[in-house]
Amino acid sequence: MAERAPLYESYAMMLSEMTRRLEEIVPQDPARHAEWMQRLFMPLTVRLVDRMRAEGLDLLRPDGLTAPLTRPQQDRLAEQLRSMAQGFPFGQADPLDPRTIRILCSLDH
């Protein structure tokens with residue numbers, strides 16, 4: 001997805017694609033799904049919101065989700081997505097392990 005960042009006209013466009021892709025790996029069991037959302041994706045989302053705010057995009061505002069992305073914002077989004085993907089333990093470790101979550105949320109490229 002990081003390579004596609006220049007194609008996203010808004011954060012909402014990227015979020016839509018990411019949501020579709022994540023549905024393939026997030027457990028379907030409601031309890032496990034909720035645990036993934038709370039323990040893994042919420043901290044990553046907070047990190048991403050903070051990084052994008054530094055680029056002038058406030059994703060906590062409704063208009064921030066649909067605002068056109070500038071090239072620097074697209075670049076920063078690509079960096080963040082690449083960083084998360086590099087730290088994600090696909091098939092190697094429990095993504096909900098607190099150590100994994102700390103690593104994912106502290107990566108900064």
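The values are calculated or read from the model by the stated rules, or taken from the named source; none is laboratory data. What you are looking at is a predicted structure, and each value in this text was computed from that prediction instead of being measured. All Cβ positions, even for glycine, are placed from backbone atoms using ideal geometry, and neighbour counts span all protein chains on display.
Some observations on this one:
- The set of residues from the stretch 53-86 being modelled with pLDDT under 95, buried (at least 18 other Cβ atoms within 10 Å of the Cβ) and among the small types (Gly, Ala, Ser) comprises Ala78, Ser83.
- The stretch 35-52, residues that are loosely packed, with under 12 Cβ neighbours inside 10 Å and either β-branched (Val, Ile, Thr) or at pLDDT 90 or above (or both): Val46, Asp50
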